[in-house]
Amino acid sequence: MKRTLGVCYYPEHWPEAQWAEDAARMAALGLTWVRIGEFAWSRIEPQPGTLDWDWLDRAIATLGAAGLKVVLGTPTATPPRWMIDRHPDMLAVDRQGRARGFGSRRHYDFAHEGYRAECGRIVTLMAERYGRNPHVAAWQTDNEYACHDTVLSFSDVSLRAFRNWLARKYQSPQALNRAWGNVFWSMDYADFEEIGLPNLTVTEANPAHWMDYRRFASDMVVEFNRLQAEIIRRHSAAPIAHNYMGRITDFDHFAVGADLEIASWDSYPLGFLSDRLEASADHKRRFVRQGDPDFQAFHHDLYRAVGRGRWWIMEQQPGPVNWAPYNPDPLPGMARLWAWEAFAHGAEAVCYFRWRQAPFAQEQMHAGLLRPDSAPAPAFDEAGQVARELAEMPDQGTAQARVALVFDYASAWAWEVQPQGRDFDYFRLVFHIYKGLRRLGLSVDILPPDCADLAPYALVLAPGVATLSEPLLKALAAHQGQALIGPRSNAKTPDFATPVPLPPNLPGLAATVARVESLPPDVPVPLARGGQVLHWREKLETTAQVVEVAEDGWPVLVATGGLHYLAGWPDAAALERILSEACARAGLAAERLPEGLRRRDSATHAFWFNYNSDPITWGGVTIPPAGVHWQALAP
């Protein structure tokens, strides 16, 4: 499939006389896709039942006449003000019991049946009208599920829905009591109607209660999305996407993605570096105008898995954003680099957010490809350069990597419910491993937790998976390559109890976690071969081969054949040694890349990305700051 560029556009924000000029400039720049409509409900339906489609008809026709393809967003992330009067209990409620208010966006409870019906109605009308429109070539459901901490709602609406969800799952209060271990602290329930939500308890609620609530909340997102996807699919053959975000684990993206053809995500490298990444001050200073060298790549690989091979960037940062603690201007060249990195990871399309910077409302400080006065912003020319390069570059295709990393949303919930250490975070652990792989120049595939086939991979890693699924355990048992499991893997039953036999209970590996400790930041555990264990350490009883040992004598890495268990969170130095040796055993070429230089292989080309603000020379080639270099791979 030919790789393409696009942009996000809001015709309702601009005079209609300007639309045709905008469309012509987009096409001349080399853009293909234009996303519209996802926030336009109040203009489509200004009063209940009063519908105005004419302006949207004309906008789509204007864009289509310029040769552009439309991604049409359903407008359900921004219900109009009159919707609150019709459904006053539709507002989500935060952990402190306070209702969210009108005046921004995402002010709805996923479980509210009345609002779901309203969404079904507007999506049906939209799909009936545009489902066969030749210019509408793709759809987007809603916008950024979970943004602004809006998946978990502690409303009466969610309470009723949660009780029904529990009744369907457990069938009887007695079965629930057994599963949750409610004999502890006299927490037994005689009826599902007695069960509350797990917030506002005196001290921590039962972790099994919390875990089921997290599963329930994720299921509400899945159901909400499925409702829209099924309606669109009845009226349109165009593919359907949703735009996920970076470092959001509030719901199971794999489950949502099962109902869609395309996974997309919204990539804001500088905002994420400032707002969502644990890193040293020196690291953040070094990459303040470039973004972390691995954060975008991780999500590219994750959403390629969520989309089962098909994925886009629906929103790509073009300049300073408005929502992070600090919002620097990107280094010249980064808007080009970010796009090419996405294409190297298999993206079908990269869409910049947005066409023109808005001069009003909440996002007026968020840059676009154009300034508010319609003059080109710096990223305008960089997008044009990418478009010209894409036209000259043959389709690269997506290469299957030899290294796989398992990612599990339920594990993120589990370790948030019971971190045991203040800084134990599942995403942080997985991303740490991913960064270690990328520093060695490796391409990585991310796999769902129920993956049943590991045969294509020479090296498989599964850090921190709370409950290893039966398909994955069988696949590990049959795997002929190298596997690295842990730390804290297979440490809970599906009901959030400690399993017996004790963890990790891996096939053929004689190792038992006797006890665990979480480590304060200033109490690392030195390793005999160098480096340290940070954050988390397990004390193993084992007769397996000991590969790494702490200076106090406890095993840290043990193995039977190709199956390895890691009983701690290694620092960067120890991780590099562990991964390098795993690659050597697996027959994988691995070489430590200079700081800020990263590689990704497509099916036909090797790409290098220089995230540094200075040029870097590697393999006889000098890559400029924010530069991209590629070369064809040998057939």
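The values are calculated or read from the model by the stated rules, or taken from the named source; none is laboratory data. Bear in mind that the values here come from a model prediction, so they are computed numbers and not experimental data. Cβ coordinates were reconstructed from backbone atoms using ideal geometry, including for glycine residues, and neighbour counts include every protein chain displayed.
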Conditions first: (1) over 30 Å from the mean Cα position of the chain (by Cα); (2) part of a helix (DSSP H, G or I). Leu166 passes all but one, so which condition is the exception? (1)
The condition of being without any contact (Cβ under 8 Å) to a residue 12 or more places away in the chain and over 22 Å from Ala632 (Cβ atoms) holds, among Asp381, Asp453, Asp423, Asp408, only for Asp381
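Conditions tested, residue by residue: (1) among the polar types (S, T, N, Q); (2) modelled with pLDDT of 95 or more; (3) in a strand (DSSP E or B).
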| site | (1), (2), (3) |
| --- | --- |
| Ala573 | no, yes, no |
| Arg577 | no, yes, no |
| Ser580 | yes, yes, no |
| Arg600 | no, yes, yes |
| Ala603 | no, no, no |
| Trp608 | no, yes, yes |
| Thr622 | yes, yes, yes |
| Pro635 | no, no, no |
In the stretch 519-528, residue nearest to the chain's Cα centre (by Cα) [restricted to those that are aliphatic (A, V, I, L, M) and in a loop (DSSP other than H, G, I, E, B)]: Leu519
Scan the stretch 315-322 and tell me whether some residue there is at pLDDT 95 or above, buried (at least 23 other Cβ atoms within 10 Å of the Cβ), among the acidic types (Asp, Glu) and closer than 18 Å to Gln140 by Cα. yes
Given (1) touching a Phe, Trp or Tyr at 6+ places or on another chain (Cβ under 8 Å); (2) closer than 24 Å to Ala367 by Cα; (3) of a type in the set (Phe, Trp, Tyr), where does Tyr303 come up short, assuming only one miss? (2)
Could you check, for the stretch 430-440, whether at least one of its residues is in contact with a strand residue (DSSP E or B) (Cβ under 7 Å, 6 or more places away or on another chain) and part of a loop (DSSP other than H, G, I, E, B)? no
If we keep just the residues of the stretch 176-228 that are under 26 Å from the mean Cα position of the chain (by Cα) and among the polar types (S, T, N, Q), which is farthest from Val256 (Cα to Cα)? Asn199
Checked the stretch 169-189 for anything aromatic (Phe, Trp, Tyr) and either surrounded by 16 or more Cβ atoms within 10 Å (Cβ to Cβ) or in a loop (DSSP other than H, G, I, E, B) (or both); matches are Tyr170, Trp180, Tyr189
Counting only residues that are assigned to a helix (DSSP H, G or I) and aromatic (Phe, Trp, Tyr), which one in the stretch 371-426 is nearest to Thr4 (Cα to Cα)? Phe380
Is it the case that Glu261 is surrounded by fewer than 20 Cβ atoms within 10 Å (Cβ to Cβ), assigned by TED's automatic domain parsing to the domain that holds Arg310 and closer than 22 Å to Ile313 by Cα? yes
Would you tally the residues in the stretch 199-216 being in a loop (DSSP other than H, G, I, E, B) and not assigned by TED's automatic domain parsing to the domain that holds Ala179? 0
Residues of the stretch 54-81 satisfying the condition of being touching a Ser or Thr at 6+ places or on another chain (Cβ under 8 Å) and either more than 18 Å from Arg43 (Cα to Cα) or at pLDDT below 95 (or both): Leu68, Lys69
Condition check for Thr498: among the hydroxyl-bearing types (Ser, Thr, Tyr), in a loop (DSSP other than H, G, I, E, B), closer than 30 Å to His209 by Cβ and in contact (Cβ under 8 Å) with a residue 24 or more places away in the chain: no
From Val386, Val403, grab the single residue that is surrounded by 19 or more Cβ atoms within 10 Å (Cβ to Cβ) and under 21 Å from the mean Cα position of the chain (by Cα). Val403
Per-region count, the stretch 529-571, residues of a type in the set (Phe, Trp, Tyr), farther than 17 Å from Leu476 by Cβ and not in a loop (DSSP other than H, G, I, E, B): 2
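Yes/no per residue for (1) surrounded by fewer than 23 Cβ atoms within 10 Å (Cβ to Cβ); (2) of a type outside the set (D, E, K, R):
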{"site": "Val533", "(1), (2)": "no, yes"}
{"site": "Glu541", "(1), (2)": "yes, no"}
{"site": "Gln545", "(1), (2)": "yes, yes"}
{"site": "Glu548", "(1), (2)": "no, no"}
{"site": "Thr560", "(1), (2)": "yes, yes"}
{"site": "Tyr565", "(1), (2)": "no, yes"}
{"site": "Ala573", "(1), (2)": "yes, yes"}
{"site": "Cys583", "(1), (2)": "yes, yes"}
{"site": "Gly587", "(1), (2)": "yes, yes"}
